[in-house]
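For reference, the structure is listed below as structure tokens.
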Amino acid sequence: MNELLLTVCDLAIGYPHGAQQIRPVLNGVHLQIRRGDRIGIVGESGCGKSTLAQALLGFVRDNGVRMRGSVNYGSEELFGLAPDRLQAIRGADIAFVPQNAGQSLAPHRTVSDQIAEVLTIHRGMTGHVAVQRINALLTQMRFANPTQIASRYPHQLSGGQQQRIALAIALAGEPKLLVLDEPTTGLDVTTQAQLLALIHELSRDTQLATVLVSHDLAVIAQSCQRVLVMYAGSVVEDGEVSHIFRQPSHPYTRGLLAAIPDITQARLPVPLPGQLRHMVDSTQCVFLDRCQFAQPDCAVAPPLIQLTPQQAVRCHHWQTVTQQVDRKYDTTLLPPVAAASAQAPVLQLTALSATYARPTWQWWRPTKTIPVVQQVDLHVQAGQTCALVGESGSGKSTVARVIAGLHPPLHGDITVDGMRLHADVAQRSAPQRQQVQLIFQNPDGSLNPRHTVAEILYRPQAVFFGRTRAQALPHSRDMLQKMRLDDQYLERLPRQLSGGEKQRVAIARAFLADPTVIVCDEIVSALDVSVQAAVLQVLVDMQRIHGTALLFISHDLAVVRAIAQTVAVLFAGQICEHGPAESVMTTPHHPYTIMLLSAVLSVAKPMHSMAASTADPVQAVPAGGCPFRHRCAIAIAQRCADQIPPVQQLANGHQVRCHHPPAVLHAYRQDILHLDM
Amino acid sequence: MMWDIVRRVLTICVTLFVVAAIIFAATEVLPGDVATAILGREAAPKRLAAIRQQLQLDRPASERYWQWLGGFVQGDWGQSLARPDQAIRPLVLERLRNTFWLSLLATCIGVPLAIILGVLAGLRRNQWLDSLVSVISLIGMSLPEFVIGSLLMLVFGVMLAILPAVTIVQADAPLTKLLPSMILPTLTLVIVMVAYILRMIRSSVIDIMQSEYVQMAYLKGVPQRLIIWRYIVPTALLPTINAVGLTVAWLIGGVVVVETVFNFPGIGRLMTSAVSDRDLPLVQALGLIGAFIYIMINVVADVATLWLTPRLRTQFWRPNEET
């Protein structure tokens, strides 16, 4: 067995709640970390996983307190260690990669300053030696031009670049243990795959032990050997990834796995009922109030039972749970794609283009404009969902804003139900505004914090149907019920709701306007998987009842697969592939779609050999020709640079914009994805 | 960046132009006759006529405004009415020198003191030092300058009798002679100024200490001392530069009261005597100079913030452009 690095023993950490009480967020955690271990910690937000991650460095945020237990590094107990000794261990022996690199890098210091600091403090490197080491680290982080990156400030970097800088800072101290707190959350799939490959390489080559905290089971499944599933401050299941994900024995692990949408299945995932509550009574099972297997004896907290050397579970009824037949997917399939000729589309975008004005200091010159959406043609039929996918910066959200009339500079046409809409929402008539509703990613920003739910739901009814508060109430009540929220919610304010509940209120508000089309802009991206499944379920239910057309904008291809009938892939403001979801997801043709799909992680299957893992994903989009050519592995030197690729028609209305004939693209796909379906 | 500065300079010119118009209008186009306003209701008709002629009141106000402003820009600030044969410019410049040294002294002592106390109070939040500093700064903020000034005068000038309570030196005395008389006015200004800036810095420090990058610095093993100097102090001071600028600019207003209390020969006292003497050309000149200084200090603070904040300094330099 490898050398033991860190031992966590019966650790409990709490935060003050009220005057006297301390509420535990971490309760009795045991963990041993050895050299070269790859450990994952998974759970919903608020389960205490970040607190545990920081506690591994002997750190407790704000006014939290260690209630009992210990964290030992070698022979030293980190809690209560002398400050200078603790400083010597942090960053040098145990390093931390934060969740949100954008906020965690000091805004006033350059990249090289921030890396050099660690080199100076922990490795005594200064001057020329430090500069060389910084360059080496940045090269290792796959930056094409390390000296240029080193001189930049954090705000001059993209999200993926910032995260790699945070990793470079952590590695600068040459640690033995690396703690990563949600390192890929908020990144595009391609960037995520690249970062995970990098971390994997490091732990393989240098025997670096890694602890990876994530809410994403697929990320854990791809990069860890062992996983701790946490719920409300307790470890509910602990063991080898291969065992736990194949045969989950805790009801919570099971629920989490069922809630993940699967890219190979066009079915809705199953939501986990209830929501995470803070631990109130530590004498009973933490999962009691959400558990479908609960029995009277669950009032006594179960111990962590070692089932096999590879798996331990905290449940009295693990045998029943393990034997339960897998009820993984919602039995109802999505309605099929309507035949193209069956009915006229309710939303039609024709040659839509939008630009952003760019500030320049040369005020005597005309303002430069950057095209963000170019010649987009798209249509959605009643009762159907069209998904718009792409990386951040591809222009997805701009399309949403243009349809909503919030981004006036526009060429091309938007028609809803055969009627042309004005580019500016202020110029649209009330019925036209009613026809198009928008749901945003962040309900905190889109729900008025001073309005109760009743007031929020009353507004669209007053504006569009002239209802009084009394007239609106039964409608609001009915709609809340469909959202699976009871009447009590009417009197609540947004801050009294959880993230998933807020998003359901936002959905209810959109449907109360009885629109023809709803544009959903990344509406489930900020939610936990279990909550995400519940939100998707109500969305699809409502769509079935009202026959609403949805334009669903998302970067998550598995979610898209679960709810969309058609998919359009957007790159640099252009649609590069478009067609029925089934066809685009199983037989992608455009190299960009293939790259996106190859980067999607799944719990079940190993990671694909990434077509793009060596290229820096952040690259300027070239003008003219094919915008994707710099990242394309099969670009044709002259033709792709000079000529705009033609749109090729494949079967079933599947279109692809590429110079290569379908046969070549087909062979390339086999090469990358090894699809054996 | 260039455009920003050019735009700012243009804004300054327009602002000053408008301010000048308002000052001129307020003193000249007020209801009633300027000559009567200067001399009072019971003035002899002969003297009124003389004043009218001296101020050329028979000409239209707009014409006189342009002439006044044009002269001002060229350095001809006019003649004082209350002080015969006294040109305004040398008078104002001499007093301005005194006020300048007074404000500079107050700023040089007050700003660093406020920074040190504010940072200490923020770092030791809710401990005895923080409570003490907070209570004292609240007192300093709530007491008007003339109360603080009078108290200081009473303690140091009368009871202890170690410092001159009021200034008895001439306005044109060399700086070394003026210095003893400057101590108590400076102290008064410092107390009020420190209270404002300190509270701002304290809350800024508390914000920054809870930021993720300070937390990250702890997790990188950066020693506490370096965290304070490299992370907390620079980023906590940035948002307060504008507040410091405003407070320093406020000194011009505060100085009027303090100078009057201590009989200090600066522009503040000149202003009060000009108003009571109804010396309109002098009031106009002082008003314009005051506005100019106020605007300039704020511009300096703005530009300093712009220059010291990397995100603002490089705002036209976008990511993803040259990699």
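The values are calculated or read from the model by the stated rules, or taken from the named source; none is laboratory data. It should be emphasised that the depicted structure is a prediction, and the values quoted were computed from it without experimental measurement. Quick reminder, even Gly has a Cβ in these numbers, built from the backbone with ideal geometry, and neighbours come from all protein chains shown.
Among all residues of segment B:115-131, there is at least one that is in contact (Cβ under 8 Å) with a residue 12 or more places away in the chain, acidic (Asp, Glu), crowded, with 18+ Cβ neighbours inside 10 Å and farther than 16 Å from B:GLY253 by Cα.
In segment A:248-256, is there at least one residue being in a helix (DSSP H, G or I), within 20 Å of A:PRO271 (Cβ to Cβ) and among the β-branched types (Val, Ile, Thr)?
Pass one, segment A:248-256, residues in a helix (DSSP H, G or I): A:251-256.
Of the ones still in play, those that are also within 20 Å of A:PRO271 (Cβ to Cβ) are A:251-256.
Now restrict to residues that are among the β-branched types (Val, Ile, Thr): A:253.
Within segment A:248-256, one or more residues are in a helix (DSSP H, G or I), within 20 Å of A:PRO271 (Cβ to Cβ) and among the β-branched types (Val, Ile, Thr).
For segment B:57-70, the set of residues classified as exposed (fewer than 11 other Cβ atoms within 10 Å of the Cβ) and modelled with pLDDT under 80 consists of B:ASP58, B:ARG59, B:PRO60, listed by residue number.
Are any residues in segment A:90-111 outside any loop (DSSP other than H, G, I, E, B), in contact with a strand residue (DSSP E or B) (Cβ under 7 Å, 6 or more places away or on another chain) and within 7 Å of chain B (Cβ to nearest Cβ), and if so, which ones? Within segment A:90-111, just A:PHE96 meets the criteria.
Looking at segment A:117-218, the helices (runs of 4 or more DSSP H) lying wholly inside it that each contain 2 or more residues that are more than 26 Å from the chain's Cα centre (by Cα) sit at A:127-140, A:146-150, A:189-206.
Within segment B:233-261, the set of residues being among the hydrophobic types (A, V, I, L, M, F, W, C) and surrounded by fewer than 23 Cβ atoms within 10 Å (Cβ to Cβ) comprises B:VAL233, B:LEU237, B:LEU238, B:ILE241, B:ALA243, B:LEU246, B:ALA249, B:TRP250, B:ILE252, B:VAL256, B:VAL257.
Selection of helices (runs of 4 or more DSSP H) fully inside segment B:71-158 by the criterion of at least 2 residues being modelled with pLDDT under 90 and within 22 Å of B:GLN284 (Cβ to Cβ) returns B:88-123.
Look through B:VAL214, B:VAL233, B:VAL303 and report the one residue that is within 27 Å of A:SER151 (Cα to Cα), assigned to a helix (DSSP H, G or I), in contact (Cβ under 8 Å) with a residue 60 or more places away in the chain and within 14 Å of chain A (Cβ to nearest Cβ). Reasoning before the result, please.
Values: B:VAL214 fails: in contact (Cβ under 8 Å) with a residue 60 or more places away in the chain; B:VAL303 fails: within 14 Å of chain A (Cβ to nearest Cβ).
Only one candidate passes the filter, namely B:VAL233.
Among the residues of segment A:502-523, is there at least one that is surrounded by fewer than 19 Cβ atoms within 10 Å (Cβ to Cβ) and in contact with a Lys or Arg (Cβ under 8 Å, 6 or more places away or on another chain)? Within segment A:502-523 (the criterion being surrounded by fewer than 19 Cβ atoms within 10 Å (Cβ to Cβ) and in contact with a Lys or Arg (Cβ under 8 Å, 6 or more places away or on another chain)), the answer is no, since none of the residues qualifies.
Checking each residue in segment A:142-163 for being more than 18 Å from A:GLN132 (Cα to Cα) and not hydroxyl-bearing (Ser, Thr, Tyr) picks out A:PRO154, A:HIS155, A:GLN156, A:LEU157, A:GLY159, A:GLY160, A:GLN161, A:GLN162, A:GLN163.
For the residues A:HIS608, A:HIS659, the requirement of being crowded, with 17+ Cβ neighbours inside 10 Å and modelled with pLDDT under 85 singles out A:HIS608. Take A:GLY36 and tell me if it is buried (at least 16 other Cβ atoms within 10 Å of the Cβ), in contact with a helix residue (DSSP H, G or I) (Cβ under 8 Å, 6 or more places away or on another chain) and within 16 Å of A:VAL179 (Cα to Cα). Yes, satisfied. Residues that are touching a residue at least 40 places away in the same chain (Cβ under 8 Å), buried (at least 16 other Cβ atoms within 10 Å of the Cβ) and under 25 Å from A:ALA572 (Cα atoms) occur in segment A:441-456; there is at least one.
How many residues are within 8 Å of another protein chain (Cβ to nearest Cβ) and either surrounded by fewer than 18 Cβ atoms within 10 Å (Cβ to Cβ) or touching a strand residue (DSSP E or B) at 6+ places or on another chain (Cβ under 7 Å) (or both) when one looks only at segment A:46-89? Even if it seems obvious, please write down each step before you answer.
Going residue by residue through segment A:46-89, those that are within 8 Å of another protein chain (Cβ to nearest Cβ) are A:54, A:57, A:59, A:61-62, A:83-84, A:86-89.
Subsequent filtering for residues that are either surrounded by fewer than 18 Cβ atoms within 10 Å (Cβ to Cβ) or touching a strand residue (DSSP E or B) at 6+ places or on another chain (Cβ under 7 Å) (or both) retains A:57, A:61-62, A:83-84, A:88-89.
Total meeting the criteria: 7.
Among the strands (runs of 3 or more DSSP E) confined to segment A:299-370, the ones with at least 1 residues that are under 30 Å from A:THR566 (Cβ atoms), at pLDDT 85 or above and more than 14 Å from every other protein chain (Cβ to nearest Cβ) are located at A:347-358. For segment A:409-423, taking the residues that are part of a loop (DSSP other than H, G, I, E, B) and in contact with a Leu (Cβ under 9 Å, 6 or more places away or on another chain), the one that is surrounded by the fewest Cβ atoms within 10 Å (Cβ to Cβ) is identified as A:ASP417. Of the residues making up segment A:628-670, those that are touching a strand residue (DSSP E or B) at 6+ places or on another chain (Cβ under 6 Å) and part of a loop (DSSP other than H, G, I, E, B) number 3.
Yes or no, residue by residue, for (1) away from chain B (no Cβ under 13 Å); (2) touching a His at 6+ places or on another chain (Cβ under 8 Å); (3) within 19 Å of A:HIS108 (Cβ to Cβ); (4) in contact (Cβ under 8 Å) with a residue 24 or more places away in the chain:
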residue	(1), (2), (3), (4)
A:HIS155	no, no, yes, yes
A:ALA166	no, no, yes, yes
A:ILE169	no, no, yes, yes
A:GLY173	no, yes, no, yes
A:LYS176	yes, no, no, yes
A:GLU182	no, yes, no, yes
A:GLY186	yes, no, no, yes
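For A:ARG484, state whether it is over 28 Å from the mean Cα position of the chain (by Cα), over 29 Å from A:PRO345 (Cβ atoms) and not assigned by TED's automatic domain parsing to the domain that holds A:PRO273. No; evaluated as a whole, the condition is false for this residue. For segment A:272-324, a tally of residues being small (Gly, Ala, Ser) and either touching a Lys or Arg at 6+ places or on another chain (Cβ under 9 Å) or under 20 Å from A:LEU257 (Cβ atoms) (or both) returns 4.
Residue count for segment A:63-90 under the criterion of being among the aliphatic types (A, V, I, L, M) and either in the same structural domain as A:ALA170 (by TED's automatic domain parsing) or over 23 Å from A:THR120 (Cα atoms) (or both): the result is 3. A:GLN284 falls short on exactly one of the conditions (1) in a loop (DSSP other than H, G, I, E, B); (2) touching a residue at least 24 places away in the same chain (Cβ under 8 Å), and that condition is (2). The test for being away from chain A (no Cβ under 14 Å) and surrounded by fewer than 23 Cβ atoms within 10 Å (Cβ to Cβ) holds for B:PHE292. Filtering B:ILE227, B:ILE297, B:ILE289, B:ILE252 for residues that are in contact with a helix residue (DSSP H, G or I) (Cβ under 9 Å, 6 or more places away or on another chain) and at pLDDT 90 or above leaves a single hit, B:ILE227. Inside segment B:217-230, residues that are more than 7 Å from chain A (Cβ to nearest Cβ) and basic (Lys, Arg) make up a count of 2.
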